[in-house]
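The values are calculated or read from the model by the stated rules, or taken from the named source; none is laboratory data. These numbers come from a predicted model, not from an experiment. Positions of Cβ are generated from backbone atoms using ideal geometry, with glycine treated the same way; all protein chains shown enter the neighbour counts. These area figures cover heavy atoms from the full protein model, side chains too; ligands, DNA and RNA do not enter into them. Shrake-Rupley method; radii C 1.70, N 1.55, O 1.52, S 1.80 Å.
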Amino acid sequence: MRLGFYDSGLGGLSVLKEFVGKFGSKYSYSYFGDSARAPYGDKSPEQLKSYVFEIAEYMQADDVDILISACNTSSMYLDEIDLSDFSFQMISLKNVMDKYFADNAAKYQAKRIALMATNATIDSGRYKNWPVDIYPVKCPTIVPLLEAAQLDAAKLEWQRYLNELPKDIKDVIIGCTHYSLLNVQASDYNFIDPAKLVLEQFSSSIFNDGMINYSKKNANTELDIKINFTKGSDEYLKLATELLDLH
Ligand code: DGL
């Protein structure tokens, strides 16, 4: 079985990494990072929907069986895109979060939860359906820094946004897959990371062991991972390799 992942650039590698770490060569993997058009966080809903449609066509041609939207921003609008002509199944981070909070609302009663995300994710307002008290925080400076391969500066920005949170907030949604790559240790917070939750939900879904694995690769052979970015300098690809860190 072939799994496809897409994002505006590097961010979705955080999701790919989780899957490869868990399933290894059980599946083959195709990653598409739309770095030429990153960040997605400042794009309009119409732009985001047309990008996803183009990526869906790419993934269909690449024979993926399941497409994982490793991009919170565009996943906010997936339900408005007609993908019925495509043969793959779709998993979106927004649906992952919908399910997470439907299942865990009681745990967060009487708490405020920060949603740290791109402008477009916050502006979509889709988080308002979650049965919890969300404190939205736009973090527009992080993705451009990461896409410019400035990892340390991106980490500092993440920390700055955290420092600016109201003191009562201890639960934080890492609402953009780019931020999941920053791996900043801050034990003061309970992080809720869709990039990790998607793996849990995938693992317990019908797509996992119940499915017949018809991948042509033998389980003992090397990983079969194809990664394509729409734009990338040597420095960018080096950072992508480091962030994926499969060793
Ligand atoms: N990594 C994406 C997300 O999860 C997109 C970020 C961006 O390009 O602004 O939202």
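Using Cβ point charges alone (K and R +1, D and E -1), the dipole size of the chain about the Cα centre works out to roughly 520 debye.
I'd like the carbon and sulfur percentage of the solvent accessible area for region 78-194, probe radius 1.4 Å, heavy atoms only, ligands and nucleic acids excluded. Intermediate values should be presented prior to the final figure.
Working: 2560 of 5550 Å².
The computed percentage sits at 46.
P(r) tail for region 1-136, what percent of Cα pairs lie past 18 Å? Of all Cα-Cα distances in region 1-136, 56 percent exceed 18 Å.
From the convex hull of the Cα coordinates of region 42-110, what is the mean projected area in square nanometres? List each step's numbers first, then the result.
Details: hull surface 23.2 nm².
In nm², the orientation-averaged hull projection of region 42-110 is 5.8.
Highest-first packing order for the peptide set 85-91, 149-155, 169-175 is 169-175, 149-155, 85-91, based on the mean count of other beta carbon atoms within 10 Å.
Each distinct pair of alpha carbons in the chain adds a 1/r term; the inverse of their mean, the Kirkwood radius, is 18.3 Å. Taking each residue as 0.36 nm, the span from Lys170 to Leu156 lengthens on full extension beyond its C-alpha to C-alpha distance by 3.1 nm. Counting only Cα atoms, the size of region 88-142 along its three principal axes is 34, 32, 17 Å, in decreasing order. 3J(HN,Hα) along region 24-41, derived from phi through the Karplus expression 6.51 cos²θ - 1.76 cosθ + 1.60 where θ = phi - 60°, amounts to x, 7, 4, 10, 9, 10, 10, 10, 10, x, 8, 4, 5, 10, 5, x, 7, x Hz, with x in place of Gly and Pro.
Relative to the Cα centre, the charge distribution of region 1-87, modelled as +1 at Lys and Arg Cβ and -1 at Asp and Glu Cβ, gives a dipole magnitude of about 480 debye.
Annotation: amide H of Ile113 within the under-5 Å range of Asp133, Ile134, Tyr135, sequence separation 5 or more or interchain, hydrogens built in the peptide plane.
For Tyr127, the shell of other residues with beta-carbons less than 11 Å away shows a net charge of 0, using +1 for Lys and Arg and -1 for Asp and Glu. Each of the peptides 40-48, 231-239, 5-13, 113-121 was scored by the mean count of other Cβ atoms within 10 Å over its residues; in descending order, highest first, they stand as 5-13, 113-121, 40-48, 231-239. Over region 112-206, the hull volume per residue, using the convex hull of the C-alpha atoms, is 116 Å³.
Based solely on its DSSP helices, what 222 nm [θ] is calculated for the chain when runs of n ≥ 4 H residues each add -39,500 (n - 2.57) and the sum is averaged over all residues, nearest 500 deg cm²/dmol? If you can, show how the numbers build up before the last one.
Working: 10 runs with 94 residues, N = 247.
Result for the chain, helices only: -11000 deg cm²/dmol.
Based on the mean of other Cβ atoms within 10 Å per residue, sort peptides 16-23, 28-35, 133-140 so the most packed one is first. Present the calculation step by step, with values, prior to reporting the outcome.
On the way: 16-23: 18.8, 28-35: 22.2, 133-140: 17.0.
Packing proxy ranking, top to bottom: 28-35, 16-23, 133-140.
Using a probe of 1.4 angstrom and keeping all protein chains present, the accessible surface of the chain works out to 46 square angstrom per residue.
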